[in-house]
Structure formats: C-alpha cells, structure tokens
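Below: one structure, written as structure tokens.
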Amino acid sequence: MTNTSYRTVEDLPLMLDIKDVAKILGIGKNLAYSLVNSGEIKALRVGTKIRIPKQSLVDYITN
C-alpha cells in the first residue's frame, strides 16, 4: 500500500494486503494475520501472498 489514505469504502481497492488491513483497522500486522488465519476475515492465497477482498473486510467490520 502506498501512503494513500482512504476516505470511504468505495475508495478501497478490490483486493487488500495485510498491511492495508492493519492500517485501515488501526491494528498491528500480527493481529491482522491472526484475524485472517482464524478465518474471521476471509482471505485468498495467491502463491505465497495473502490477499483480502474488500468485501471480506467490510463484512468483518459490519459484523
């Protein structure tokens, strides 16, 4: 993620990485990894990378 700040959900890219999720939620990367690994935030693995669909983050926030 660049130094971009997002004002609305519509501004978010379709796929996020762990750093994006941590910054958006105001948490550390370790907690973001824990949320993904526990399944609380649904994610996809693309090779060795973890990608979080925007909708998965929205679902987590709204639940």
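Some notes on this structure:
- Residues of the stretch 15-43 satisfying the condition of being open to solvent by 70 Å² or more (accessible area, probe 1.4 Å) and among the hydrophobic types (A, V, I, L, M, F, W, C): MET15, LEU31
- Residue pairs meeting the criteria (Cβ under 9 Å; at least 6 apart or on separate chains; first closer than 12 Å to SER56 by Cβ, in the stretch 4-32; second open to solvent by 30 Å² or more (accessible area, probe 1.4 Å) and among the polar types (S, T, N, Q)): LEU14/GLN55
- Here LEU12 qualifies as touching a helix residue (DSSP H, G or I) at 6+ places or on another chain (Cβ under 6 Å) and open to solvent by less than 60 Å² (accessible area, probe 1.4 Å).
- Residue in the stretch 44-58 that is nearest to THR4 (Cα to Cα), counting only those that are more than 8 Å from the chain's Cα centre (by Cα) and open to solvent by 40 Å² or more (accessible area, probe 1.4 Å): GLN55
The values are calculated or read from the model by the stated rules, or taken from the named source; none is laboratory data. All values reported here derive from a predicted model rather than from experimental measurement. Note that each Cβ is placed from the backbone with ideal geometry, even for glycine, and that neighbours are counted across all protein chains shown. The protein model used for the area step is the full one, side chains on, heavy atoms only, and it has no ligands, DNA or RNA in it. Shrake-Rupley method; radii C 1.70, N 1.55, O 1.52, S 1.80 Å.
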